[in-house]
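Coordinate-derived values only; no laboratory data. It should be emphasised that the depicted structure is a prediction, and the values quoted were computed from it without experimental measurement. A quick note on method: Cβ atoms are made from the backbone with ideal geometry, for glycine too, and the neighbour counts reach across all protein chains shown.
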Amino acid sequence: MDQQQLPAPGSGERTRVRRLPENAVTDRGTLHDILDAGLMAHVGIIDESGQPYVLPVAYARDGERLLFHGSTASRLFRSLAAGSRTCISVTLVDGLVLARSAFESSMNYRSVMVLGACVALEGDEKDAALRHISDHLLPGRWEDIRPPSPKEIAATLVLALALDESSVKVSTGGPDDADIDLDRPIWAGHLPIREMFGAPVPDVAGAAFPVPDYVERWTR
């Protein structure tokens, strides 16, 4: 489906942003950008007893769907593969907002929520999805490493969730203090948070080899 035909983030009754609607973003490009910048998502699911669980997963965006994987031994992942409804969220924290009151102190962030049911991938599509996830997390690494064996493939569930039902919120800038607090004699503003990779640290056997060029190019 053409991107212009897909529903805008927040356009559905379940995804419309009600709290701070001014922070809602309806552009699918922003949805993609946030997902492409993240490395970990949180997957929510309710088991057969009614107990909710939230699972951290590595993921990748593939066009208009999210890809992630887990163990075939996990009852929760098997439930997702069987079509249980889920909610997946990705949040990037960009800074702390230091207001003149506790109530207005907050964070700057970019967040995505996606609702729906996953489908399990098989065969060549499953193999391609595993590489796609690797290329998102460790770009350039797939060519150097051993690919998954048939036994490892069989032990892995690879799931895809369409980005059909989503919402996006973005908060930026400094505090929005009430007029009664503006004269309070304290510093106020926002403190940006920046992610960065440190220097590569080899294991014992890896110390004999140079750091790959693609690792040196990774940035956050």
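Provide the packing ranking of 196-208, 130-142, i.e. peptides ordered by the mean count of other C-beta atoms within 10 Å per residue, highest first.
Details: 196-208: 7.8, 130-142: 15.6.
Top of the packing list down: 130-142, 196-208.
Using only Cα atoms, figure out Rg for segment 1-98 and give it as a multiple of 2.2 N^0.38 Å.
Values: Rg = 15.3 Å, N = 98, 2.2 N^0.38 = 12.6 Å.
Against the compact-globule rule of thumb, the ratio is 1.22.
Once you keep just the Cα pairs under 8 angstrom separated by 6 or more residues, what percentage relative contact order results for segment 89-183? Working shown, then result.
Numbers: 118 pairs, mean separation 41.1, N = 95.
Relative contact order here is 43 percent.
Compute the label zone of Leu20 within segment 94-137: residues whose backbone N is under 13 Å from the point 7 Å along Cα-to-Cβ.
From segment 94-137, the list is 94-99, 103-112.
Specify the longest stretch of the chain that does not include any exposed loop site, a site being one of the GluC sites (Glu not before Pro) with a non-H, G, I, E, B DSSP assignment and at most 12 other Cβ atoms within 10 Å. Can you show the working numbers first?
On the way: sites that count: Glu13, Glu48, Glu122, Glu143, Glu195.
Excluding the exposed sites themselves, the longest stretch runs over 49-121.
Compute and list, largest first, the equivalent-ellipsoid semi-axes of the chain from the alpha carbon gyration tensor, each √(5λ) rounded to a whole angstrom.
Values: eigenvalues 241, 132, 52 Å².
The three semi-axes for the chain are 35, 26, 16 Å.
So, with +1 on the Cβ of K and R and -1 on the Cβ of D and E, and no other charges, what is the size of the charge dipole of segment 137-220 about its Cα centre, to the nearest 20 debye?
Values: 8 positive and 14 negative charges, 99 e Å.
Once rounded to the nearest 20, the dipole reads 480 debye.
To the nearest 20 Debye, how big is the dipole of segment 51-181 about its Cα centre, given +1 on the beta carbon of each Lys and Arg and -1 on that of each Asp and Glu?
Numbers: 13 positive and 18 negative charges, 130 e Å.
Computed charge dipole of segment 51-181: roughly 620 debye.
Around Thr72, under 15 Å between beta carbons, what's the net of Lys plus Arg minus Asp minus Glu among the other residues? Working shown, then result.
Values: positive: Arg75, Arg78, Lys126, Lys151; negative: Glu122, Glu152.
Counting the neighbours of Thr72, the net charge comes to +2.
When DSSP assigns beta bridges and you keep just the ones with both residues in the chain, what percent turn out antiparallel, to the nearest 5? Write down the numbers at each step before the final one.
Details: 46 of 46 bridges.
Close to 100 percent.
Give me the dipole magnitude in Debye, nearest 20, for segment 1-95 about the Cα centre, with unit charges on the beta carbon: positive for Lys and Arg, negative for Asp and Glu.
Numbers: 10 positive and 11 negative charges, 72 e Å.
Rounded to the nearest 20 debye, it is 340 debye.
Note the angle between two axes, namely the Cα long axis of helix 28-37 and the longest principal axis of the Cα atoms of the chain, as a number of degrees from 0 to 90, rounded to the nearest 10.
The angle comes out near 70 degrees.
Charges on Cβ only, +1 for Lys and Arg, -1 for Asp and Glu, centred on the Cα centroid of the chain; of Phe68, Pro202, Thr219, which one is farthest towards the dipole's positive end?
Phe68
Would you mind computing Rg(Cα) / (2.2 N^0.38 Å) for segment 97-170, counting N as its residues? Before the final figure, lay out each step's value.
On the way: Rg = 19.0 Å, N = 74, 2.2 N^0.38 = 11.3 Å.
This ratio for segment 97-170 stands at 1.68.
Give me the distance in nm between label points sitting 7 Å out from Cα along the Cα-to-Cβ direction at Ser105 and Lys151, one decimal.
Going from the Ser105 label point to the Lys151 one covers 5.3 nm.
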